[in-house]
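Structure, as structure tokens:
What follows draws every value from the coordinates through simple rules; no lab data is involved. Fair warning: this is a prediction, and the values are worked out from it, not measured in the lab. A quick note on method: Cβ atoms are made from the backbone with ideal geometry, for glycine too, and the neighbour counts reach across all protein chains shown.
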Amino acid sequence: MAKTVAHTFIDTLVRAGVRRIWGIAGDSLNALTDALREDGRIEWMHTRHEEAAAFAAGADADVTGRIAVLAGSSGPGNLHFINGLYDAQRNHVPVLAVASHIPLDQIGSNYFQETHPQELYRELSVYSELVSDASQLPWVLETAMRTAIERKGVAVVTVPSDIFFQPAPARRPTAPIVAAAPRIVPSVAELQAAAKALDAAGRITILAGSGVAGAHAEVLALAERLQAPIVHAMRGKEHIEYDNPYDVGMTGLIGFASGYRAMERADALLMLGTDFPYRQFYPDSATIIQVDIRGENLGRRTPIDLGLVGDVASTSEALLPLLRVGRDGKHLKDSVKHYERTRKDLDALAYDDGRKPIHPQFLTRTVSRVAADDAIFTADVGSPTVWAARYLEMTEHRRLLGSFNHGSMANALSQALGAQADDRARQVIALSGDGGLTMLMGELLTAVQNDLPVKVVVSNNSSLNFVELEMKAAGIPTYATGLKNPDFAAVARAMGIAGIRVEDGRDLEDALRTALATPGPVLVDVVTARDELTLPPTVTGAQARGFALWALKTVMSGRGDELLDLADTNVWRRVLRGRQH
């Protein structure tokens, strides 16, 4: 029988399969952390920053499919959760945040460290509630966990510090709180309407998002019947790109020309489990049918002709026999050929030309080639995500995590910690930018302290690289984006981590293989080119004008060397590559 509210908390978490809690101890959490010490069934994962704890918990939930938990002390402690929890909410993963609070009788008095977490977190959560009496705790905690699991989002339980110490309320245990797996299928009439619209269309393209997870075979069967190329959004890459003869790459700001073209030329677009946000990349005149398990997503990004609420696997399976057979495959063949040309052009840039610094395409392609078939990758927002989208090759068992919806810096290392925690034998590789790494660089110590053998590959280009590209596209000279970096490998060694620095492309593969074979955490500091262009699949007139304006302003401001560096990085090596072939 639980002794205190804190013990009731732990019992409930254990029954739900929770194995660890991420966070930083603090005085308002003392009762909970002491109960964890006494109980011993849940591991305390001590981080150096609560934001990192939130990122780690989100990745933990994403990889395991189970609810992940983090805890922070009152005021500034749990306020640090905000950014990481926003990311978890937008990634649709089940996370429980325990926000301890000031003593109950002090609430409303502007007490030391007083905030109102239950209000602060309402926007970024599916549930947020304050426990003001011990008898509430079992009900609030269980409701929070069930809501997080079923709605795949963040639930926040705010508990005043003195409530944790109170005697456990008398109440029999409820059924264990675990995820259900319901099949949700549209009505027969809706499926028939979708089949009729698809059968009437000539060229059909599928856009697949993260909602196609677990539906690989069903989506490929639809593509075969419809003779439809499959374009994927960033979060759909890990679920649908592998073993897929219908794949034509990504669309969007960091996508492929082939993905953009396959959608632009479609008479009908079938959206499967995607909330792809960029309206300018949707076709203007195609018939659009959207399938999503969340009805609120239907028609949110582009006008649709038919919206179906259902999970992708069940809906695809039910729709397939209603579709006519014997379709013309010209659109599919044409789109696949275009993708092959696009892929060849991209691959031609991912090589070592023997010059310094190292090209990031070559770095990412080499990481992909030497990594395990079941490796988990995390990618910092910005250029590491661009290169991951274009050069990481997915398999059935590889995973790719990032801040793809929230777009936060500093996510890769912290998410790698969360991904590593459940299986310390699995290969987890963080593709970190130098800006992202230094934001939460203290989490390298978290890897050491918690024995998490993550491999951190730093793209060290001494800049906020993607921000510079955005400035160039807008016609603005780059400003406030330079980074004065240390030797990250030396910093890692000072923290008790194996550190390797790579400045020559000829040393890269051996360095990465050494890192992956070395027990414990390892950091590989790779000096990469700063002026690598990451062009979108289609360039607007405004972007072209902006780039020309940037070049003119840069020269006139006496910084013509930047233009020469850009040409040296992007133009001359393409000329050299062409001569080699």
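Numbers at a glance
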| item | result |
| --- | --- |
| Placed amide H near Gly249: partners under 5 Å, 5+ positions off or other chain | His232 |
| Spread of Cα-to-Cα distances over 20 Å intervals beginning at zero, given as percent, for the chain | 20, 49, 29, 3 |
| Exposure proxy order (Cβ contacts within 10 Å, fewest to most) of Phe81, Phe55 | Phe81, Phe55 |
| Region 389-443 and region 130-167: distance between their alpha carbon centers, rounded to Å | 30 Å |
| Amide proton proximity set for Ala498, modelled H, under 5 Å, gap of 5+ | Leu523 |
| Residues of type aspartates and glutamates that Lys196 reaches as a straight line, Cα spacing below 15 Å, ignoring anything fewer than 8 places off in the same chain | Asp267, Asp305 |
| Highest average packing first - 377-390, 253-266, Cβ atoms within 10 Å | 377-390, 253-266 |
| Distance in nm between pseudo-label sites at Glu150 and Ala181 (7 Å out along the Cβ direction from Cα) | 1.9 nm |
| Partners for Lys337 among lysines (Cα-Cα distance below 20 Å; same-chain residues under 8 apart left out) | Lys237 |
| The chain: relative contact order as a whole-number percent, Cα under 8 Å and 6+ apart | 12 percent |
| Gain on full stretching of the segment that runs from Lys330 to Asp507 - 0.36 nm per residue minus C-alpha separation | 59.2 nm |
| Separation of the Leu322 and Asp373 label points, Cα + 7 Å toward Cβ, nm | 3.8 nm |
| 11 Å beta-carbon shell around Leu400, net charge (K/R +1, D/E -1) | 0 |
| Chain lengthening between Glu43 and Asn30 when straightened (0.36 nm per residue, less Cα-Cα) | 3.1 nm |
| Theoretical ellipticity at 222 nm over the chain - DSSP helices of four or more residues, -39500 (n - 2.57) apiece, nearest 500 | -11500 deg cm²/dmol |
| Cβ-derived FRET efficiency at R0 22 Å, Thr518 paired with Arg493, nearest 0.05 | 0.95 |
| Residue order, fewest to most beta carbons within 10 Å, for Arg235, Arg324 | Arg324, Arg235 |
| Förster radius 60 Å - calculated FRET efficiency between Glu296 and Lys356 (Cβ-Cβ, nearest 0.05) | 0.75 |
| Part-to-part distance (alpha-carbon centres) for region 458-488 and region 199-261, which is given in Å | 33 Å |
